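Written below as structure tokens is the structure these notes are about.
No lab work stands behind these numbers, since they all come straight from the coordinates. What you see is a predicted model; the values in this text were computed from it and never measured. Please note: Cβ atoms are built from the backbone with ideal geometry, for glycine as well, and neighbour counts cover all protein chains shown.
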Amino acid sequence: MIGKKLGLYIFLVFSLCAAQAEDFRIYRTPQGQSFNGKAVGYEGQTIILADEGGSFVKIPLSSLSRDDQVYLVESVKAKRIPQGMPKSQSSGTSVNSASELSRMDQNRSSTDNAARSISPNGVELESTEKIRRPKPPKKELLRVGSFFAHLPVPLGVSPDEAMAKAKGAKPKPGELIDFDRHVLPILEQKCNDCHHAPFDRSGRLVNPKASLRFDTYEQVMKGNLDGPVVVANDLDNSNLYTVINLPEDDDMFMPPKGGALDTDQIDIIKRWITEGAKPSKSSVSPTTGGVPNANEPVSFNHHILPLFEQRCMECHGAPYVKNSRTIKPKAGLRLDTYEWVLKGNLDGTIVTPGDHFESTLFSVITLDEDDPEIMPPKGDPLSEEQVTMIKRWILEGAGEQPAAVAADPNAVPKPKETKVVLNQVQNQPTLLESLARRAKIPSRTQIAGAEKTGALVRQLSERNSLVRAEFSSFASEIDDSALSAFGGIKNNISHLDVSRTRITDKTILGASSYPNLTWLSARNTMVTDNGLKTLPSLQFLRYINLSGTKVSDKGIMTLATMTDLEEIYLWNSEVSEKGVEMLRKSLPKTKIIAGL
């Protein structure tokens, strides 16, 4: 009797456990591919699936269909899927990553569709095709008190606000905690080495640890698959606050590197949570890329930048890696940060603060819809409200911070103060514009021929006859012979960059045959004084970089005769201080950077 009851009890326990375990099911990707597998664990937002052969595969949750995502999340909540890697991994079971699976699939010789539908090795994960943007460079640590340690502050921006944004401000007594000014700088300093946005490293996508990001307010509040890490007004259930207060020898202590947060930093995070874990007031916008009210000044970060991200970043974002190729922004123009927007590109700036008529950005978004140069070139043109918003931002000074007063886009523009200058032609074209009229636009065949040696040749702008030639890839393999391919476009080259190549004086002497050359960089090459002898024949040369070369005081005697030069760089060359002083006396209006 006892034996029967014991057997029944064991049967019920086994049945209950079996009911809690996941069964094999067909999982699908958004591309329509499928495979048969069983969820056996998860790590952050990565699901671990087992195939019928017992092998494990790690797949990002976002790579599966929406229905599968919902199913797996519910299974995790119901504790049908355990956290972590199954113990059987230690016994030698193979584990494949998402990127490995994609590469395996590309190398398979069989294209049998039936086999692809049941094998996880046949899944082309969406994440492997996504744009892989580089990780932002770490901020350099500079000696306190040095010139370069001082923070540059744009005109019209409070130095205190700029410093608070860069390094984090200490809240004043009684002041409410602001996420952007007080909390985010702490997270950037102590947490973003591990909990950053995804970035590409040597062709491999690096995701944040535990799928947890701390680079924006939205990502902090989102948490990960385990749930939120911050619960407003609830310190006990805010895992972020818990892990920064653990003993440093605890395995869960955060941050694991760089030392613990100090008491002031912990207090800031504590106060922020107890005050409701609210976003910064300045970061609240009605919608992403939304249009502000008529009486609300336009914010670059919360109105202009979201619009750029929505409509412009496909062509004008940061360089990124796709299928092992580096994709650069079109026309050399980036719109992903305020600094890049104001910088413009090689043609010049695209925004003139206070003057939308002189702002190329405003001009190209207001062209006729059938004009080939209208921006953005794809999709519908910007709405009238969006165009007006950009116009207002320019009229308000095109600052990174909102202006004090909203501009009226319909106001009659004030007449510009004009100075009458005798014997001066009004609207005189720039040097590059004048030179562009001297040459014919190079053909695709000519550009392709010039690029055979590894050069990157690009027109300064569409329909511009001038080009920039540079050796950005494999520079160390380029020698004097490479420039022989430039014969067909020598009249078109206005910018030539041979930095870090193995060229000698022969190349610089040959460059004197480029009649429209205005910009020349030969830094970190073997160029000597002899290579500068023919430079005076380049009557339009305005910029030259000879940093890291063998040029000495003898060579710069040649430069001293070129009174039209605007910038000269001699960093780490063999020019002495005495030589630099002589050069400055000869060219008092020229910017000379020696760094001796």
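For segment 443-505, GluC sites (Glu not before Pro) meeting the loop criterion (DSSP other than H, G, I, E, B) and having at most 15 other Cβ atoms within 10 Å: Glu462. Extension gain, Asp67-Glu218: 0.36 nm per intervening residue step, less the Cα-Cα distance, totals 52.0 nm. From the alpha carbon centroid of segment 520-596 to that of segment 237-279 is 54 Å. Less than 5 angstrom separates the built amide H of Glu43 from those of Ile48, Gly84, all sequence-distant by 5 or more or on a different chain. Electrostatic tally near Leu565: other residues with Cβ closer than 15 Å to its Cβ, Lys and Arg +1, Asp and Glu -1, net +2. Counting other Cβ atoms within 10 Å, which GluC sites (Glu not before Pro) in segment 330-386 have at most 14 and lie in a DSSP loop? When the GluC sites (Glu not before Pro) of segment 330-386 are filtered for loop state and at most 14 Cβ neighbours within 10 Å, Glu358, Glu369, Glu373 remain. Think of segment 163-281 as a dipole: +1 on every Lys or Arg Cβ, -1 on every Asp or Glu Cβ, centred on the Cα centre; then among Leu184, Met254, Ile268, Leu184 lies furthest on the positive end. Annotation for segment 320-404: chymotrypsin sites (Phe, Trp or Tyr not before Pro) lying in DSSP loop with at most 14 further Cβ atoms inside 10 Å of their Cβ are Phe357.
The 3J(HN,Hα) values that the Karplus relation (6.51, -1.76, 1.60; θ = phi - 60°) gives for segment 395-402 are, in residue order, 5, 7, x, 6, x, 6, 9, x Hz. Gly and Pro appear as x.
Shape verdict for segment 440-593, please, from the Cα gyration tensor: rounded (a/c under 1.5), prolate (a/b greater than b/c) or oblate. Prolate shape, in that a/c is at least 1.5 and a/b is the bigger ratio.
Holding the Cα-Cα limit at 32 Å, pick out from Lys330/Lys585; Lys533/Lys591; Lys190/Lys343 the pairs that are longer than that. Distance filter (> 32 Å) returns Lys330/Lys585.
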